[in-house]
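Taking it in order: structure first as structure tokens, then the write-up.
The values are calculated or read from the model by the stated rules, or taken from the named source; none is laboratory data. Small disclaimer: the values here were computed from a predicted structure and weren't measured. Cβ placement follows ideal geometry from the backbone for every residue including glycine, while neighbour counts extend to all protein chains displayed. These area figures cover heavy atoms from the full protein model, side chains too; ligands, DNA and RNA do not enter into them. Shrake-Rupley method; radii C 1.70, N 1.55, O 1.52, S 1.80 Å.
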Amino acid sequence: MNLKLIKKYSFSFIICFLITSVSSFSQEINEIANKMFVDMNNRDYDAILDMTHPKVFDIVPKEQMKAVLKSTFEGSNEYSIDIPKQIPEFKVSKVYKEEKDNLSYAFITYNMSMTMTFHQQTFDAQTKEMMKGVMQAKDMDVTFTSDSSMSVLMNNRMTIIMKDTATENKWVMINYDPDSPLFYKILPSTLLETAKVYKQEIMLESKKKK
């Protein structure tokens with residue numbers, strides 16, 4: 001076999017390998033996303049915490065985080081939240097790879113609905129309008145169904161799926177929350193920059209559809 005033919009086959013092999021690797025990564029991320037919603041539907045708090053970025057627990061102890069999850073899904077004396085047990089339609093980005101720290105990551109975006117009921121307070125018309133404005137600023141559409149309950153559509157939610165040296169090469173997740181200073185302490189700057197741009201593109205794409 002001559003040198004040109006060897007190079008041709010070698011190049012073809014590399015292309016096929018890369019395509020297969022990307023496809024495999026994408027399938028893996030889809031499976032992780034699906035599991036995230038299944039665990040949420042099953043209220044499997046331990047499974048959710050097992051998938052959470054470990055650096056989160058350097059800031060908030062795991063048991064405290066579990067208590068927060070339970071009160072969110074099961075309610076408290078002050079309020080209760082009902083999130084339908086369904087898997088929303090979600091979009092998975094391409095997998096980004098960076099050699100530094102062996103970093104790989106992808107973004108999962110989706111809309112999610114919920115109802116929220118307050119047990120110890122009611123809202124007048126003025127307060128309802130104020131709350132609608134505040135939540136719209138967070139890309140949430142709110143419809144009050146009574147003076148103490150509301151239906152909420154959370155638009156363009158984004159979860160980051162990633163793995164690197166810090167996670168011991170295990171895929172973990174963390175919700176995109178640019179308003180939290182703690183969020184910036186956990187993730188590398190390159191990922192944060194990519195996430196910001198991707199989020200903006202998703203929101204612009206969503207606006208064009210309306």
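Take the Cα coordinates of segment 24-209, assign each an equal point scatterer, and use the Debye formula without solvent to give log10 I(q)/I(0) at q = 0.09, 0.13, 0.20 Å⁻¹. Relative scattering, expressed as log10 I(q)/I(0), comes to -0.36, -0.76, -1.58. With R₀ set to 45 Å, the beta-carbon distance separating F144 from E99 gives a calculated FRET efficiency near 0.35. With the highest mean first, a sort of the peptides 36-43, 96-103, 149-156 on other beta-carbon atoms found within 10 angstrom per residue produces 149-156, 36-43, 96-103.
Taking all protein chains as shown and a probe of 1.4 angstrom, K132 keeps an accessible surface of around 60 Å².
Here the calculated FRET efficiency for L182 and T117, from their Cβ-Cβ distance with R0 = 25 Å, stands at 0.30, rounded to the nearest 0.05. In this structure, K91 and S151 have a Cβ-Cβ separation that, at R0 = 30 Å, corresponds to a calculated FRET efficiency of about 0.80. Using only alpha-carbon positions in segment 20-115, the gyration tensor eigenvalues give semi-axes of 28, 18, 10 Å once each is multiplied by 5 and square-rooted (largest first). Counting only Cβ charges, +1 for Lys and Arg and -1 for Asp and Glu, the dipole size of segment 24-209 around its Cα centre is about 360 debye. Under the simplified labelling scheme, the E201-N30 pair shows an inter-label distance of 2.0 nm, with each label point 7 Å from Cα along Cα→Cβ.
Taking the accessible area of the chain, probe 1.4 Å, and keeping the other protein chains in place, the carbon and sulfur fraction comes to 54%. Span-like helix criteria (full DSSP H runs; alpha carbon extent of at least 18 Å along the helix axis; mean Kyte-Doolittle hydropathy of at least 0.0) are satisfied in the chain by 3-41. Protein heavy-atom accessible surface, 1.4 Å probe, per residue over the chain: 63 Å².
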